[in-house]
Amino acid sequence: MAPVSFYDYSIGCYTKALNVLLRILKIASTHAEVNSFLETRLAPDMHPLLFQIRAATRHSVRLVVALNGKDSRTRNEAKDEAGIDWDALASSSEITFSDAIAHAEKTLAMLAHISREEVEAKADDIKLPMQVGPDSAGPDAFSNVPAIDYTMANGIPETFFHVFMTYAILRSKGVEIGKKDILIPFLPITILLLALGLFSFYHAVLWLLTTLRPPNYPPGPRPLPGLGNVHQMPSSHPCLKFDEWAKEYGPIVGLKLGPTNMVILNDATLVYEHIVKHGQHFSGRPSRFIAQNYILPETPGIYSLFMNDEYSRRLRTTTKNFLVGAGLFKFRPMQKAVGTQLVYKLFQSGDNWLEHIFEWGVSTPVAMMSGANVENFGKHWVHEYHASQGMFESLLDPGQSPPVDIFPVLRWVPFIFASWKRKAQVTRKALLSAYGVMMAHAKKGRHGPTSEFLIPKLLQQSADQETASEGRFTEQEITWLTGGMLDAGVDSSVVTFQTILLALATHPAVQRKAQAEIDAVFASSTGSTTSDSLPEIIDLERLPFLHACITEAIRWRPVSPLGLPRETTTDEIVAGYHIPAGTTIILNMWTIQMDSSFYDDPDAYKPERYMDDPFGANVKEGVSAHVGRKPLYTFGAGRRECPGKDLFFQNMRLAVAQILWAFNVVPDQKEELRTSVAEGFISSVAVRPRPFKIKFVPRREGFEKIMLEEKRKADAKLRDIFD
């Protein structure tokens, strides 16, 4: 049985409705006073018959015009396509009833020339303008929505409404029409609806079967037919529930989310044996329908959070010298200058510390990619970019958006009832605006053929015909590629910085020890007992305890406790269990990094564990790391390990060193700082601390004078870099 297609319920339904319209108009045409019917209304505040006839054909014409790639709101273009004089039909002063019949016939003839193949080939690309705001909003009252949403929410309901209004007006004038005249053209569609019912029943049974556990599937909580384990998934802090299941079911847990298979790996050995050693089979990314169809439909596989293998490989090849080693060395002066500006802003207005941290988190990656100073992007750019990130994150968060990836039927909810579709359009517009500003500044900068900044470099490579094809990207691809890199880098850096400050404020002894190390290193560098200038990045390798403080914060409260989902590309056997191709794989970093058999008191913030052992192992109990063990799993593992890890640590170590050199970070006495995941952190795509208050108390005499000079040097350095 062939499935019901977009053609069937768009062109097919329009044709049936207009056949009804034509049938009743022809019956009415035998009346002697028929031309006077055109101005007849059912009530004074309702439209006349001529309007009803015109409105009954409008949506089908609009779809056909869009199929031909033209603006469906332009009447003249609609006239060209259908041979229909819209302006003439706007007034009945010179229109006869025969003209109205001819209009319906022309519309039906136009629909008859549209092939099923043409509609199906273009169905996913067609967008139609639907009014979502008041008339007073002008063009902004309309929003382009997918044709399927428009047809279900507007097209079909309105077409039938106006056909029935035509029927009602003609009946009121004594035309002898009845139910049979409505039903006769629909006899074939009755059969179609019966077939649709059988088809739906067949697929409902298939759906129920796909929600059951496959043979030899990893153990896990019992699923319900039709739902799987969806009803057991928490809306907040899923890492805590996954940790419970790990303790109950073991190192590998199998779930069913509707028809989707999900397998959770809770053991570092399994991660090494499969994700690292056989990463090519575990490096896919599950589709994210909302983002990939409504926010970046042009290049759905290039955005960093769900980058496909092809783009991932091309990115590694193109940027291999950008995010590691010597590629990072050249950005050190800029990183120090941006960090200096952060310290100065914290000194000037410490109450707004989170805003300053976010601006710091944006400034370095923007500069590295565009070669431009974010301060030149406009007064509100940072705030607007931050807002766009928040909107995008909420659409990606399973707790805040509908499960359209699990239950595809939700994708068909009409636009007018699906707030997530409207939110996605707003998010897309905001992201493109933010990324567009970065791209524009990158293009207008004075960059030579060997630019060290990523966007100018990619633009130059792509324009060079001698560049290998995999190294060339379209401008649109570069926009989404670098925008995704910016989003990933900013969010992880800012959230981790918040966590580090929370940890230091609640562990003053650790903070004092880190400050003593910083003071000792930089005092020896200057030959003085105290340093009167901010730390230099070149000395960071001499700060092992500071590095341990950062590493421990990332282990203790990871920004992404479950990482980014992966997908198996082939059938696999893991720990003796069968994992079908297309299974979503979760690396449960939370459980791995909270393993009490490996770590001493894992829920405690103890940087010393990384001073005793590079992997943080409980050496006092004789624990040692196995082959392939990683100090951290927060950055992922194998092929999908975060490529910006080295940049992250370089930037973070310098900024934390500068802050601890300058300030004591102390809690606000009016507020208790909570550090447990359940009480102190907000769960979303990124797990971030709940808002908390801290103070930045200067540590040195004459600090203001020191900072004025440091700020002057930092501003001069940035002018040299960007001018």
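The values are calculated or read from the model by the stated rules, or taken from the named source; none is laboratory data. All values derive from a computational prediction rather than experimental measurement. Glycine gets a Cβ as well: all are built from the backbone with ideal geometry, and neighbour counts include every protein chain shown.
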Margin query: Could you check the stretch 375-392 and list, in sequence order, the residues that are closer than 10 Å to VAL437 by Cβ and either surrounded by fewer than 22 Cβ atoms within 10 Å (Cβ to Cβ) or not assigned by the TED database to the domain that holds ALA442 (or both)?
Written below: ASN376, PHE377, GLY378, TRP381, GLU384
Item checked: Subset of the stretch 402-449 [β-branched (Val, Ile, Thr) and not in a helix (DSSP H, G or I)] -> VAL404, ILE406, VAL413
Check: Can you tell me which residues in the stretch 560-572 are part of a loop (DSSP other than H, G, I, E, B) and either under 17 Å from PRO398 (Cβ atoms) or aromatic (Phe, Trp, Tyr) (or both)?
Finding: SER560, PRO561, LEU562, GLY563, LEU564, PRO565
Next item on the list: Scan the stretch 331-358 residue by residue and report those that are surrounded by 20 or more Cβ atoms within 10 Å (Cβ to Cβ) and not in a helix (DSSP H, G or I).
Entry: PHE331
Next item on the list: Being in contact with a Ser or Thr (Cβ under 6 Å, 6 or more places away or on another chain) and surrounded by fewer than 17 Cβ atoms within 10 Å (Cβ to Cβ) is the filter; apply it to the stretch 398-424 and report the residue that is farthest from GLY155 (Cα to Cα).
Entry: GLY399
Check: Among all residue pairs at least 6 apart or on different chains, which show Cβ distances below 7 Å where the first residue, located in the stretch 692-719, is over 13 Å from THR340 (Cβ atoms) and in contact (Cβ under 8 Å) with a residue 40 or more places away in the chain and the second is hydrophobic (A, V, I, L, M, F, W, C) and surrounded by fewer than 16 Cβ atoms within 10 Å (Cβ to Cβ)?
Finding: ILE694/VAL666; LYS695/VAL666
Check: Scanning the stretch 471-502 for residues that are part of a helix (DSSP H, G or I) and over 21 Å from the mean Cα position of the chain (by Cα), which turns out surrounded by the fewest Cβ atoms within 10 Å (Cβ to Cβ)?
Finding: GLY471
